Amino acid sequence: MEQENLNDILKARREKLDNLIAMGKNPFEIVKFDKDAYAQVIKDNYDEYADKKVRIAGRLISKRVMGKASFGHVLDGTGSIQLYVSRDSLGEENYAEFKKYDIGDIVGVEGVVFTTKMGEISIHAEKMVLLSKSLLPLPEKFHGLTNTDLRYRQRYVDLIANPEVKETFVMRSRIISAIRSFLDGEGFVEVDTPILNTIAGGASARPFITHHNTLDIDMYMRIAPELYLKRLIVGGFEKVYEMGRLFRNEGMDPKHNPEFTTVELYEAYTDYHHMMDLTERLFEHIALTTKGTTEIEYQGTPISLARPWKKMSMVEAVKEFTGIDFDATDDVEALKKQAESVGVGLADNLTWGKLLYEVFDQKVEEHLVQPTFILDYPVEVSPLAKRKPTDNRLTERFEFFITSREMGNAFSELNDPIDQKARFMAQVAERENGDDEAQMMDEDYVNALMYGLPPTGGLGIGVDRLVMLFTDQFSIRDVLLFPTMKPNK
């Protein structure tokens, strides 16, 4: 819409508002409208509503004036329904006011439900009131609005133009409720831990930094709640979880947003094998609760969430998809040559473990379409996980992948305070060498471990990616109501 035309529309709508105010009919002074019906409910239960008077309210999304009678559609929180508006039923004055309504205005309607000759369920309006004046026009051809930049920046317009978008976020709410109901049923206690931290711990990520004026110290938006949740296990909680926002000052793409939602849970006296079982049962519960089946489709690919899921160690997965056998040799230079021969880009000074992880990360993830647990990560990339008793190069850690995306991460939690401090120190050394994603030293967490952390299993799941899976959305921005956007100039 050209600026000149837009200015004319804005002027005309403002004049309509001024005229209403002058007549003592300022719509913004109306404080409530007692509605007793919803558009989709009426249409789904027509036999119950036929020939009965109802009161609905919503946004006027179409209007067709035809002399003494007109048609329109009102969109409410459930859907849209047609209005039949006649001068005889509404009265001369009110009908004249209706004809001045604009697309986008919020209206309250009282009338009788009936079916038109064309077979469309409608409301024959007997009373109408303007509840809010829309001073900005909806985008041209707003039905099916496809400008993704506009949709993400102005989600309120997107929800008006594409009512089906709301279903994604209704499903998101149902998924979150299903997660909570499952964990509550398993005896977990939901807790809250700080979002402002003096140490950015619990994950390897670049944090957002802010400043606390009263304390005059820099603080970090949390990158993970893990270290606080495990402090609670030390303190005597045996099953805890937290669902909430994390903040990582990293790149943005269809799988990443700087702020995102996770659920993290910890259970005492168990290990990562139990976390695998818990993961399978959780996803089965979500699928059956929200979809009624464990067989779903994502971007045209059938996905089976039925138990049991495939399990592979990282070494096995790398061997299967690249042919490189990390169990055959500890010779890092020989392994680097093999990795480079299959197209893996490598940094300098890689250890056996970091090389294994790089090959997996670059060449294996893309093959993990069906639910797959990848077990036994190298210790260098798992500073909070317990070592495998049978191979000290590896840890009792898994990540699970669906649709070639990492969906969650779990450990048998490291509870040896001496080993934990040594690993923190190794991370600090990496940080001093320029790795701003390496973890910081958390002396208080080490102190907590000194009191004794029982054997513990922990699991973290990315809620946004989970929602993407169950709502068949390719981009994380389509499951966030207000994704992070670069400001318009």
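None of the figures in this text is laboratory data; all of them are computed from the coordinates on show. The shown structure was predicted, so the numbers you read here are calculated from the model rather than taken from an experiment. Reconstructed Cβ throughout: ideal geometry from the backbone, glycine too, with neighbour counts over all protein chains shown.
What the table shows:
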read-out: Relative contact order [Cα under 8 Å, 6+ residues apart], the range 22-180, whole percent; value: 19 percent
read-out: Gap separating the Cα centres of the range 4-55 and the range 203-254, nearest whole Å; value: 45 Å
read-out: Estimated 222 nm signal from helices in the chain, with DSSP H stretches of n ≥ 4 weighted -39500 (n - 2.57), rounded to 500; value: -10500 deg cm²/dmol
read-out: Of (1) 49.6; (2) 30.4; (3) 25.2, the label for mean projected area of the Cα convex hull in nm² derived from the coordinates; value: (2)
read-out: Difference of contour (0.36 nm per residue) and Cα-Cα distance, THR329 to ARG174; value: 50.9 nm
read-out: Relative contact order computed over the chain (Cα-Cα under 8 Å; 6+ residues apart), in percent; value: 12 percent
read-out: Inter-site label distance for PHE71 and THR301 at 7 Å from Cα along Cβ, in nm; value: 4.5 nm
read-out: Label zone at HIS273, where the point sits 7 Å out along the Cα-to-Cβ direction: the range 360-385 residues whose backbone N lies under 17 Å; value: 373-377
read-out: Residue pairs, from the table LYS230/LYS291; LYS100/LYS489; LYS11/LYS133; LYS354/LYS486; LYS166/LYS230, whose Cα atoms sit over 25 Å apart; value: LYS230/LYS291; LYS100/LYS489; LYS354/LYS486; LYS166/LYS230
read-out: Percentage relative contact order, the range 54-93, counting C-alpha pairs under 8 Å, at least six apart; value: 31 percent
read-out: The range 68-111 versus the range 313-327: alpha-carbon centroid distance in Å; value: 67 Å
read-out: DSSP loop GluC sites (Glu not before Pro) with at most 15 other Cβ within 10 Å: longest gap in the chain; value: 251-489
read-out: Trypsin sites (Lys or Arg not before Pro) lying in DSSP loop within the range 67-100, provided at most 15 other Cβ fall within 10 Å; value: LYS68, LYS100
read-out: Label-reachable residues, the range 240-274, where backbone N falls under 17 Å from a point 7 Å from THR289's Cα toward its Cβ; value: 240-244, 262-266
